[in-house]
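Take a look at the structure set out below.
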Amino acid sequence: MTTELDPLATPSGLDDVLDDLADGAPAPVARPLKRIKPREFKPSDVGVLALTAASSFSIIWILFTQLTLLSGPLGFVVMWLPVFLALYWFVNRQLFNRQVAVDRVIGSIVTMGAILMMTPLVLLTIFVFQRGLPQLTWHALTHTQQGALYTPNSKNIGGVEHALVGTIEQVLIAAVIGIPAAVLTAIFINEVGGRFTKSVRTIVTAMSGTPAIVAGIFIYSVWVIHFHYSGFAGALALAIILLPTITRGTEEVLKVVHNDLREASVALAAPEWRTVWSVVLPTARSGLITSILLGIAVAIGETAPLIMTIFGSSVMNTNPFSQPQSALSLLAYRQIKLPIKSQIELGYTSALVLFIMVFAVFILARLLSSGLGRKSGRSSSRRSALSYVRWTPGSAIEQEDQGPETEIELEMDPFGPDPGEREPR
Amino acid sequence: MTTQIDGEDHKLVATSHDPSVAESLRVDGVTAAEIEAKGVHAWFGERMVLEDINLVMERTRVTALIGPSGCGKSTFLRILNRMHEIVPSASLAGQVELDGDDIYDPNQRAATVRRHIGMVFQRPNPFPAMTVKDNVLAGLRFNRIRSNRKDEIVEEALTKAGLWSEVRDRLGNLGGALSGGQQQRLCIARALAVKPAVLLMDEPCSALDPGSTLRIEQTVKEIADEVTVVIVTHNMQQALRVSDKTAFFLAQDGNPGYIVEAGPTTQIFESPSDPRTADYVNGRFG
């Protein structure tokens, strides 16, 4: 029974023979080597997967829509998946052995988990693009809300230019203030140390748990009350938000720089600052850039701390140091609450622009962390530079560098019977 | 080598800001110095790990430190270039003299000591973010030594470490891209580039394959002409092959480590005076 499926499998020796023929070389007298890849997911395996999925789908379809009065896609999926898993296990158990069946089923569960995790993100992206894209015109990007008419059939609904300028200015100022402070704090915690290490780390942890609105209230009470609303006040609040994010990210990255390197530096008579500057930071460079940009991405999207600090504005104000400014997040928040459809649309446009900005920062993070070494023709060695930070567990940020491939296959026993080589039972 | 720092004459100290001094350090041939431990004791916290170590490591000779794990060889080695003190709980007593100057003298800066007494570690640790060339020059850079003959220094150091022919075309590659054995020789070149008087090696071959080990041993023999080498090894044959003098360390039943016997390597291996040494070098324990 098990042999019947074998013709589906690619005869692995065939490729070698074809290669030899293509080279025009006389076919060797010796038997061509039969190459095996024990972990390969063969076309026949894909077939098994597809057929199992299809038959479990069919079973549930009959059960769900024909035999019972159930309805709804969610219920369908919830019923379909367990039946699929059970069937998949059974089929693999019959075709191969218990080990393969367990491996495949667990692999499927993990893959489903990954898909489940991706779903909200994909849906969110689709939603924002669907609502915001139609109005995302050059006009919207180059006009403020000055002169916009808040009536249902207004032709001039205004644009997001003032908010875009405001967001960029506020985030840049926040970065200039926050990044050096954050990196220095991380260096203090991880490299310098001393009596206050623990309390500083506790404070940073507490800060990262502080609600963003509290940062806004804080800046409101110590700055805005004395100097009035301004983009700069918003930037101060954002700096408070991005500081703990970057500090913790940087600390993680510094932690995984191997201590051997610090010792080597000290043994070369380097002063402490030199060890940090010339050895630790360059080694952690890619992770450092990633954590900084992640912090900036977090700050770009913040709304709560801006409400009480920049106040919002419908006209262009390019001076962040005086008068209220607008920001994309704040504009989206305000517009979506309005009772006029065209104005709500503008809010979605604002949200979409914000979304694209955050996305651009993420892409920049990936490009910078993977591309810096390559610029000077050192591509081949980036891996080894990273290998110093790679193997230590617990660094979520470094894992960013390992590319999109997620290891979802579970390790099969390499000495277990190979599906293609087994004896028929 | 005689220059001054903080207004005080000291043989050891060289002001790194003075390029002429830095150059002279590099130019003259033999810089090796004798290093001597006098009554060295060491503690981690309250636990004494070394007791009364007296050992002379002669100029331009290779001294091997052998003994079972945990007997304090590495601690002793790290005392010799003041790396011991970077462990917060560590303390020590006694003197270590480099050509007669106590390296633990209060006027002595640890960084200066470490520049004259280089170190190679158990695991190859080239700086992964630096090129091969920058790795070799790291010591000069860290000590702000300016030089207009950096290329020569790189070639010289790499040649001494037996690596030049393999990496001459790859000086711009990152140090981490080399093989394990090459990385370790790069670390040796990095340590040699600042012309140390003494080179300490802490089991430099334990992470390497036999071929690379042989290359390193060859390198050790060659550089011993101009630098005093102190090498910790677990490999009896290695000690026999490379060293002129051997010190056998032992720590028993949780007591601090001490030197059972030290002397010319041939004597330690062929006619040791202490039965424990004989047992150890013949592989009967440890």
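The values are calculated or read from the model by the stated rules, or taken from the named source; none is laboratory data. Bear in mind the structure is a predicted one, so any value in this text is a computation, not a measurement. Reconstructed Cβ throughout: ideal geometry from the backbone, glycine too, with neighbour counts over all protein chains shown.
When B:Gly283 is tested against (1) outside any loop (DSSP other than H, G, I, E, B); (2) surrounded by fewer than 18 Cβ atoms within 10 Å (Cβ to Cβ); (3) among the small types (Gly, Ala, Ser), exactly one condition is not met: (1).
Any idea which residue in segment A:218-233 is surrounded by the most Cβ atoms within 10 Å (Cβ to Cβ), counting only those that are aliphatic (A, V, I, L, M) and over 30 Å from the mean Cα position of the chain (by Cα)?
Among them, the one singled out is A:Ile219.
Residues in segment B:168-213 that are over 26 Å from A:Pro282 (Cβ atoms) and over 18 Å from the mean Cα position of the chain (by Cα): B:Asp209, B:Pro210, B:Gly211, B:Ser212. Of all residue pairs spaced 6 or more apart or on separate chains, those with beta-carbon atoms under 7 Å, a first member in segment B:215-234 that is buried (at least 18 other Cβ atoms within 10 Å of the Cβ) and a second member that is of a type in the set (Asp, Glu) and assigned to a strand (DSSP E or B) are B:Val232/B:Asp202. Pairing each residue of segment B:115-138 that is under 20 Å from B:Ala32 (Cβ atoms) and in contact (Cβ under 8 Å) with a residue 40 or more places away in the chain with any residue that is surrounded by 24 or more Cβ atoms within 10 Å (Cβ to Cβ) and of a type in the set (S, T, N, Q), provided the two are 6+ apart or on different chains, yields C-beta distances under 7 Å for B:Ile117/B:Asn81; B:Met119/B:Asn81.
Let's see how each residue does on (1) modelled with pLDDT under 90; (2) in a helix (DSSP H, G or I); (3) not hydroxyl-bearing (Ser, Thr, Tyr):
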| site | (1), (2), (3) |
| --- | --- |
| B:Arg215 | yes, yes, yes |
| B:Gly254 | yes, no, yes |
| B:Val260 | no, no, yes |
| B:Thr266 | no, yes, no |
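crowded, with 16+ Cβ neighbours inside 10 Å and at pLDDT below 90: which single residue out of A:Phe41, A:Phe64 fits that description? After ruling out the rest, the residue left standing is A:Phe64.
Using the structure shown, decide if B:Val132 is more than 10 Å from chain A (Cβ to nearest Cβ), over 30 Å from B:Ala42 (Cβ atoms) and at pLDDT 90 or above. Criteria not met by B:Val132.
The set of residues in segment B:168-201 that are within 10 Å of chain A (Cβ to nearest Cβ) and not in a loop (DSSP other than H, G, I, E, B) comprises B:Leu174, B:Gly175, B:Gly176, B:Ala177, B:Gln183, B:Cys187, B:Arg190, B:Ala191, B:Leu200. Restricted to segment A:238-327, the set of helices (runs of 4 or more DSSP H) holding at least 1 residues that are more than 10 Å from chain B (Cβ to nearest Cβ) and either surrounded by 24 or more Cβ atoms within 10 Å (Cβ to Cβ) or of a type outside the set (Gly, Ala, Ser) (or both) comprises A:285-301, A:304-307.
Restricting segment B:137-152 to residues that are at pLDDT 90 or above and within 14 Å of chain A (Cβ to nearest Cβ) leaves a set whose member that is nearest to B:Ile117 (Cα to Cα) is B:Gly139.
Residues of segment B:89-124 that are in contact with an Asp or Glu (Cβ under 8 Å, 6 or more places away or on another chain), of a type in the set (S, T, N, Q) and within 14 Å of another protein chain (Cβ to nearest Cβ): B:Gln108, B:Gln122.
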